[in-house]
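Following: one structure in structure tokens, then a few remarks.
The values are calculated or read from the model by the stated rules, or taken from the named source; none is laboratory data. Computed from a predicted model, the values in this text were never measured in an experiment. Neighbour counts run over all protein chains shown; Cβ positions are idealised from the backbone, glycine included. Side chains are part of the model used for accessible areas, which takes the heavy atoms of the whole protein and leaves out ligands, DNA and RNA. Shrake-Rupley method; radii C 1.70, N 1.55, O 1.52, S 1.80 Å.
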Amino acid sequence: MSITYDILLKGGTVIDSAQGLNALRDVAITDGVITAIDHDIPKTLAKQTISVKNQYVTPGLIDIHTHVYYGVTTWGIKADNVCSTAGTTTVVDAGSASWATFPGFREFIAEPAQTNILNYIHISGIGLVYGPVGEMHDLAYADPDRVADTLKANRDITVGVKVRQGKTQVGENGVQPLKLAIQAAEQAGMPVMCHIGAGVPLPGVLELMRPGDVITHCFQGNGDNIVDEKGTVIPEAWQAQQDGVIFDVGHGAGSFHYEIAQRAMEQGFISDVISTDLHTGNINGPVYDLPTTLSKLIHLGLSFEEVIEKATFNAAKTIKREKQLGSLKIGTTADVAVFELLDGEFEFYDAHGTKFIGAQKINATLTIREGEKTSF
């Protein structure tokens with residue numbers, strides 16, 4: 001038999017919700033593409049065989065909320081440094097770049113990276129260059145037409161419009177920045193990702209959101225939360241999710257509150273997507289990487305299969321990339337992660353200093369991006 005495959009991952013449990021697959025399978029990769037998934041593919045058919053026995057093989061993780069405009073914005077990190085060892089093959093930068101700074105983001109950040117880097121363009125013309133000052137205190141910074149034009153000209157790596165809706169970011173402007181973001185998004189035929197925070201009443205934000213738009217920081221506990229003072233999920237949040245608004249964790253340095261998440265999830269309010277909001281302020285804790293964030297949600301009651309689905313297929317659908325990302329279907333890009341699920345006692349922290357002990361932790365053992373093993 002002649003060599004057919006470049007890499008053969010042998011003996012692992014494949015978890016791929018896009019195909020309804022949770023079973024022992026071998027996975028073969030050729031020329032950067034998934035070329036076979038079967039019960040027992042002979043080693044002789046592959047140039048390199050990697051045993052993944054007692055481990056899980058999943059699509060590469062997709063982190064839909066990160067900040068990777070390194071060297072230009074307040075919070076930018078180098079994506080490859082963390083993603084290459086975390087099973088994360090695609091990240092979406094959530095509004096670091098504006099229409100004005102997007103060309104530099106494309107040329108110097110997205111294009112040279114090993115990680116697949118996509119982008120939400122900020123409705124504010126200054127983006128997140130200087131985090132300490134709210135970027136939409138002055139509505140003059142918003143230019144929906146130029147944002148829409150930039151999105152339309154760069155559909156290969158853009159996924160929508162970012163807006164932050166907390167008083168710190170918008171001052172006295174209320175939901176007007178969101179309205180401007182929606183205006184740009186409608187012109188481009190794309191969704192909005194909306195950061196929620198204290199000082200802008202959440203019902204008024206949710207009322208404007210459209211099916212496919214994303215609420216990020218859904219478990220934030222800074223005020224104007226999805227749960228009221230009695231700990232009950234507000235009816236507007238239930239209605240928005242029912243209407244097709246997508247709720248994303250967006251952990252961050254201040255936007256994941258353990259008790260808010262616990263109360264909401266006990267009532268059955270579960271986020272659709274799990275992301276990190278990874279940036280300079282949390283990469284060394286409490287976030288670290290996407291597998292750590294997924295582990296926290298396992299502690300809060302989700303299964304391993306559920307968190308993987310939310311960080312792969314659900315994430316791919318959210319950014320309208322499910323035809324090529326978020327699954328291991330034959331013919332799709334070979335973005336693959338291999339994980340072990342460790343048992344023990346693991347310390348986790350939310351974004352407010354609350355410590356909790358989890359019984360399981362997800363650990364990435366191999367990351368493959370476009371058919372190539374990544375390492376730094």
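Show me the helices (runs of 4 or more DSSP H) entirely contained within the stretch 148-267 in which 1 or more residues are modelled with pLDDT of 95 or more, under 23 Å from the mean Cα position of the chain (by Cα) and under 21 Å from Y120 (Cβ atoms). Walk me through it before giving the result.
Details: elements: 167-170, 176-188, 202-208, 235-242, 258-266.
Ranges flagged: 167-170, 176-188, 202-208, 235-242.
Looking at the stretch 30-48, which of its residues are small (G, A, S), surrounded by fewer than 18 Cβ atoms within 10 Å (Cβ to Cβ) and assigned to a strand (DSSP E or B)?
Passing the criteria: only A36.
Considering each of T90, T44 in turn, give the residue that is on the phi < 0 side of the Ramachandran plot and touching a Ser or Thr at 6+ places or on another chain (Cβ under 8 Å).
T90
Of the residues I37, I77, only one is over 30 Å from V163 (Cβ atoms) and of a type outside the set (S, T, Y); which?
On inspection, the qualifying residue turns out to be I37.
Being under 21 Å from L24 (Cα atoms), touching a residue at least 60 places away in the same chain (Cβ under 8 Å) and crowded, with 24+ Cβ neighbours inside 10 Å narrows it down to one residue among T332, T276, T318, T367; which is it? Walk me through it before giving the result.
Values: T332 fails: crowded, with 24+ Cβ neighbours inside 10 Å; T276 fails: under 21 Å from L24 (Cα atoms); T318 fails: under 21 Å from L24 (Cα atoms).
Only one candidate passes the filter, namely T367.
Scan the stretch 134-179 residue by residue and report those that are aliphatic (A, V, I, L, M), under 21 Å from G250 (Cβ atoms) and open to solvent by 30 Å² or more (accessible area, probe 1.4 Å).
V175
Would you point out which residue out of S51, S17 is open to solvent by 10 Å² or more (accessible area, probe 1.4 Å), in contact (Cβ under 8 Å) with a residue 24 or more places away in the chain, among the hydroxyl-bearing types (S, T, Y) and under 19 Å from E322 (Cβ atoms)? Reasoning before the result, please.
Working: S51 fails: under 19 Å from E322 (Cβ atoms).
The conditions single out S17.
Check V27 against each of (1) in a strand (DSSP E or B); (2) on the phi > 0 side of the Ramachandran plot and name the one condition it does not meet.
(2)
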